[in-house]
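The values are calculated or read from the model by the stated rules, or taken from the named source; none is laboratory data. From a predicted model like this one, the values you see are computed outputs, not experimental measurements. With ideal geometry, Cβ positions are generated from the backbone for all residues, glycine too; neighbour counts draw on all protein chains shown. Quick note on the areas: whole protein, heavy atoms, side chains included, nothing else; ligands and nucleic acids left out. Shrake-Rupley method; radii C 1.70, N 1.55, O 1.52, S 1.80 Å.
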Amino acid sequence: MGSKKKISVPAKLINGGVAGLVGVSCVFPIDLAKTRLQNQQGQGVYTGMRDCLVKTLRSEGFFGMYRGAAVNLTLVTPEKAIKLAANDFFRQLLSQDRKELTLVREMLAGCGAGACQVVVTSPMEMLKIQLQDAGRLAIHQQKVLGTDGPPAPFSQPPQDKPYTTGTASAFKRPSATVIARDLLKTQGLVGLYKGLGVTLLRDVPFSIIYFPLFANINKLGQRHSEEKAPFFHSFVSGCVAGSVAAVAVTPLDVLKTRIQTLKKGLGEDTYNGIIDCARKIWTHEGPAAFMKGAGCRALVIAPLFGIAQGVYFIGIGEYILGYFH
């Protein structure tokens with residue numbers, strides 16, 4: 001009875017995949033608003049999250065708020081599966097015969113999980129950002145050029161004209177497949193991994209903060225060390241730990257978003273690496289710019305990881321594998 005229960009990697013992968021799909025489906029529009037707000041420089045198109053969502057809905061329709069969702073839904077399954085399963089694997093590896101991990105070992109396990117997930121996260125985020133930011137870029141171009149200038153790249157209505165639902169069909173939309181093919185053709189696999197360094201800088205600290213914080217909050221709901229916490233407690237633990245970690249690494253997320261955005265609007269800064277990006281943001285936009293989209297990010301990550309941990313701790317993967325056995 002005292003021996004540690006061995007984890008089932010296939011079950012953990014299924015749990016992580018299901019959790020990721022459910023979570024992303026629920027919060028993707030807020031994630032889109034976060035990307036557009038973080039990419040704004042100077043006098044932006046949107047005044048905040050609500051303004052961004054309303055304008056996106058009016059100009060691009062309901063499905064416009066899910067631009068890039070297909071990429072996320074396709075790749076979030078392996079991403080979440082790798083992240084959650086890797087954390088379990090490293091926790092078991094580091095626990096040895098000890099019943100409880102020390103905080104340092106919990107942080108090391110989170111570090112390992114964050115490092116593993118970027119194999120999928122970096123290209124997924126790269127493609128998703130291009131699709132999410134296309135609408136903002138089109139409005140920005142029209143705003144800079146004015147109504148008398150040449151048409152903006154995506155044929156979007158000018159900023160000073162009313163938004164009307166139904167204009168989404170007029171957009172010339174970028175495609176994830178086309179973007180990926182062009183990058184592979186011109187830059188090879190390296191093109192898809194643009195921003196890998198800053199993705200690591202964001203995801204490793206996030207996991208170092210998130211997983212130990214979640215484990216310790218979740219532990220408060222366990223009456224015995226061998227039993228699971230109630231579903232609702234795991235859900236709330238995931239929300240709290242996710243929002244804290246998300247806000248803490250927002251400056252790194254801003255850098256990642258700016259660096260991975262391939263197309264810039266007229267007059268917007270371009271960046272040559274992490275240091276150059278941080279310097280230009282600080283100089284031209286001030287320190288507050290590093291927290292752009294922090295509220296959106298917390299609202300995305302909190303339910304995303306709350307749902308993820310809730311589903312994960314229900315053990316859907318174990319149930320499915322048990323059924324087939």
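Per-residue packing, averaged as other Cβ atoms within 10 Å, sorts the ranges 20-29, 119-128, 297-306 into the order 297-306, 119-128, 20-29, beginning with the highest. Mean-square fluctuations from a GNM of the chain, with a 10 angstrom spring cutoff on Cα atoms, peak among 95, 237, 225 at 225.
I want the local charge near residue 247. Using Cβ-Cβ distances under 14 Å, sum +1 for each Lys or Arg and -1 for each Asp or Glu among the other residues. Don't jump to the answer; show the numbers that get you there.
Values: positive: 34, 202, 292, 297; negative: 253.
Here the count lands on +3.
Summing Lys and Arg as +1 and Asp and Glu as -1 over all other residues whose Cβ lies under 11 Å from the Cβ of residue 299 gives a net charge of +1.
Derived scalar couplings between HN and Hα for the stretch 205-219 equal x, 4, 5, 5, 7, 5, 5, x, 5, 4, 4, 6, 6, 5, 4 Hz in order, rounded to whole Hz, by the Karplus curve 6.51 cos²θ - 1.76 cosθ + 1.60 (θ = phi - 60°), x for Gly and Pro. Each principal axis of the Cα atoms in the stretch 261-325 has its own extent, and those three values, largest first, are 59, 23, 21 angstrom. Centre-to-centre, using Cα atoms only, the stretch 27-100 and the stretch 187-228 are separated by 14 Å. Near residue 50, within a Cβ-to-Cβ distance under 14 Å, what is the net charge of the other residues, with Lys and Arg +1 and Asp and Glu -1? Charge balance near residue 50 sits at +3. Taking a threshold of 24 Å on the Cα-Cα distance, which of the pairs 34/185; 228/256; 34/256 fall above it? Pairs exceeding 24 Å: 34/185; 228/256. Seen from all directions on average, the stretch 1-120 presents a Cα convex hull projection of 10.0 nm². Peptides 38-48, 84-94 ranked from most to least packed give 84-94, 38-48, packing being the mean of other C-beta atoms within 10 angstrom over each peptide's residues. The mean accessible area for residues of the stretch 40-111, using a 1.4 Å probe and ignoring ligands and nucleic acids, is 52 Å² per residue. Coupling constants for the stretch 82-88 follow from the phi torsions by the Karplus curve (6.51 cos²θ - 1.76 cosθ + 1.60, θ = phi - 60°), and in residue order they are 4, 4, 6, 5, 5, 4, 4 Hz; glycine and proline get x. In terms of overall dimensions, the C-alpha atoms belonging to the stretch 86-140 reach 58, 18, 11 Å along their principal axes, ordered largest to smallest.
So, with a 1.4 angstrom probe, what is the percent of accessible area on the chain that is carbon and sulfur? For the chain, the apolar C and S fraction of the accessible surface comes to 66 percent. For Rg and Dmax of the Cα atoms in Å, computed directly from the structure shown, the correct entry in (i) 18.9, 57; (ii) 21.0, 67; (iii) 20.9, 77 is (iii). Solvent-accessible area per residue in the stretch 194-325 equals 47 Å², computed with a 1.4 angstrom probe and all protein chains kept.
In order along the stretch 306-315, the phi-based Karplus estimate (6.51 cos²θ - 1.76 cosθ + 1.60, θ = phi - 60°) of 3J(HN,Hα) comes to x, 5, 4, 6, x, 5, 4, 7, 5, x Hz; Gly and Pro are listed as x. Centroid-to-centroid, using Cα positions, the stretch 248-309 and the stretch 116-134 are 13 Å apart.
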